[in-house]
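Report on the following structure.
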Amino acid sequence: MKSNTAADKKHTDTKDLQDLSQTSQLGDANLQRKLTKRHLMMIAFGGVIGTGLFVASGENLSQAGPLGALISYAVGALIIYMVMLSLGELSSYFPNSASFGEYAHNYISPSVGYVVVWLYWLNWIVAVGSEFTAIGFLMQRWFPHIDVWVFALIFGIVIFLLNIFTVKLFAEGEFIFSFIKVLAVICFLIIGVVAIVHKLIVTDFSFAITFSNFYKDGIFPHGISAVLLVILAVTFAFSGTEVVGVAIGETKNPQKTMPSAINATIWRLGVFFIGSVFIIATLLPSNEAAVTKSPFVSVLNDSGIPYAADIMNFVIIMAIFSVANSGLYASSRMLYTLSKKKTIPAFFGKMTKRGIPIYAVIFSMIGGLLALLTKVYEPESVFILLINVSGFATLISWMAISFSQFNFRRRFVKEGGDIKSLPYKTPFMPYTPIIAIVLCLAAILGSLYDKDQRYAIYATIVFSIVCLIGYFLQHKLGKKRRD
């Protein structure tokens, strides 16, 4: 009798887990599943390939040195690799636009899920505001007499229109923007390899001369501490890949699409980032990388590519356009999911006939414009603080993804679930999420040695506490209304 009771309980628990998966999918019934694998891949590229690669890679190279920069990008790639492996299992089993907010709600606690959603929303609205400003400055290369705010307004309107009509319009726009920058990176890799081979030939195949940048100023010219700080910057540069977890809620056949998109995205990002940094480190002295606006431009100029600066200026604008497009999409879906859980006003969940959470998009756009105004009218230190806070918000989101997957798998196995039945199985369990959590935590702790980053950590903690207070107040008021 006891054995039958235990078996019945296990069957009931497993059924509850399956019901939770079905509920997670049904919760997005109003959203239209219009996205495909190609859209998912380009959305992942769109969120991550931007100024962190095209511009900041030069500064990272100058601080950490060639070898240190490669190590930093390898560590950053490892972190996002581990996080995406965990996200793949969760999002293919629970394909929901709430994504890691929902996973944290179910497998950590509802209050943590609430905080994670708001942190992620903050991360993206700050990114959206900063990208509008960056586009304005880049456009002044060709139109120096037109104010930055004019271009920021024009591009802001375009991004808003891409997000307000249909999810497919957003996805096709993202596909085009991302395709341009992916094509640019591929061309850069080909040109860079040819340039390195040419350098080898003219030096009579002297590897010592060809790769002299890696040792002539010392292996770590500014010490290990500089490498650790660059690892933090590089980690931020990989943020945005996880947007595919949000987009999965509007994707066709997510159980099959997500695993293949995850696998393809991870290795291609690794090749793009690490390959590009290797080429830059080989062909461009680190002291020159520090002063150039884009190391890509310097390498292309040295390789004799005509109009390299104009070409890369256009590519960077498309990259920024893509990041802002992904950011507005992700932030609006975060508000939509909170409204569905009735933790914010219900009108944020109001949908258009074409399946767009219109008020969530509008409110997120307003948040991005406020972030833009902060940069324009407030001291620069305020906006830098917001940027750093958004970076830490990403790391917290990654930790939430990993911890949620760890708890999900443990619960799934405990309740009799068959691992083989999962659409996507996170490999190397239980080490994958543990490694991701440890590395993210190490990045946060390492940033305490930098004053600006330290203040950002404090600000992130304060923001999280405010969110927790808001959650418990709302929960208490809601309970009173129900009583």
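The values are calculated or read from the model by the stated rules, or taken from the named source; none is laboratory data. Nothing here was measured: the structure is a model prediction, and the numbers come from that model. Here Cβ is always computed from backbone atoms with ideal geometry, including for glycine, and neighbour counts include all displayed protein chains. For the accessible areas, the whole protein counts, side chains as well, though only heavy atoms, and no ligand, DNA or RNA atoms are used. Shrake-Rupley method; radii C 1.70, N 1.55, O 1.52, S 1.80 Å.
Tabulated values for the structure
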| item | result |
| --- | --- |
| Test: Gln63 is touching a residue at least 12 places away in the same chain (Cβ under 8 Å) and open to solvent by 30 Å² or more (accessible area, probe 1.4 Å) | yes |
| Residue that is least open to solvent (accessible area, probe 1.4 Å), among those in segment 348-363 that are aliphatic (A, V, I, L, M) and not in a helix (DSSP H, G or I) | Ile356 |
| Search result, residues across segment 279-311 that are open to solvent by less than 10 Å² (accessible area, probe 1.4 Å) and under 29 Å from Ile176 (Cβ atoms) | Ile279, Ile280, Ser294, Pro295, Phe296, Val299, Ala308 |
| Selection within segment 448-477 - over 11 Å from Val115 (Cβ atoms) and among the polar types (S, T, N, Q) | Gln453, Gln474 |
| In segment 128-160, residue nearest to Lys353 (Cα to Cα) [restricted to those that are within 22 Å of the chain's Cα centre (by Cα) and open to solvent by 20 Å² or more (accessible area, probe 1.4 Å)] | Phe160 |
| Residues satisfying the stated conditions in segment 421-446, i.e. of a type in the set (S, T, N, Q) and either exposed (fewer than 15 other Cβ atoms within 10 Å of the Cβ) or over 19 Å from the mean Cα position of the chain (by Cα) (or both) | Ser421, Thr426 |
| Any helices (runs of 4 or more DSSP H) falling wholly within segment 145-260 and containing at least 3 residues that are free of Cβ contacts under 8 Å to residues at least 12 places away in the same chain and within 30 Å of Ile317 (Cα to Cα) | 148-164, 167-202 |
| Top-ranked residue in segment 81-116 [being hydrophobic (A, V, I, L, M, F, W, C), open to solvent by 10 Å² or more (accessible area, probe 1.4 Å) and part of a helix (DSSP H, G or I); ranked as nearest to Gly349 (Cα to Cα)] | Val115 |
| Sole exception among (1) surrounded by 21 or more Cβ atoms within 10 Å (Cβ to Cβ); (2) at pLDDT 80 or above; (3) over 30 Å from Ile358 (Cβ atoms); (4) not hydrophobic (A, V, I, L, M, F, W, C) for Gly52, by number | (2) |
| Leading residue by the ranking (most open to solvent (accessible area, probe 1.4 Å)) among those in segment 333-347 that are farther than 19 Å from Ala104 by Cβ and in a helix (DSSP H, G or I) | Phe347 |
| Verdict on Lys252 being surrounded by fewer than 24 Cβ atoms within 10 Å (Cβ to Cβ) and farther than 26 Å from Phe214 by Cα | yes |
| Selected residue (only one of Ile362, Ile437 is modelled with pLDDT of 85 or more and within 25 Å of Phe94 (Cα to Cα)) | Ile437 |
| Index of the failed condition, Asp217 passing every other in (1) open to solvent by less than 70 Å² (accessible area, probe 1.4 Å); (2) farther than 28 Å from Pro306 by Cα; (3) touching a helix residue (DSSP H, G or I) at 6+ places or on another chain (Cβ under 8 Å) | (1) |
| Among the residues listed as Ser402, Ser322, the single one being open to solvent by less than 30 Å² (accessible area, probe 1.4 Å) and within 27 Å of Ser111 (Cα to Cα) | Ser402 |
| Test: residue in segment 266-289 that is among the acidic types (Asp, Glu), touching a residue at least 24 places away in the same chain (Cβ under 8 Å) and assigned to a helix (DSSP H, G or I) | no |
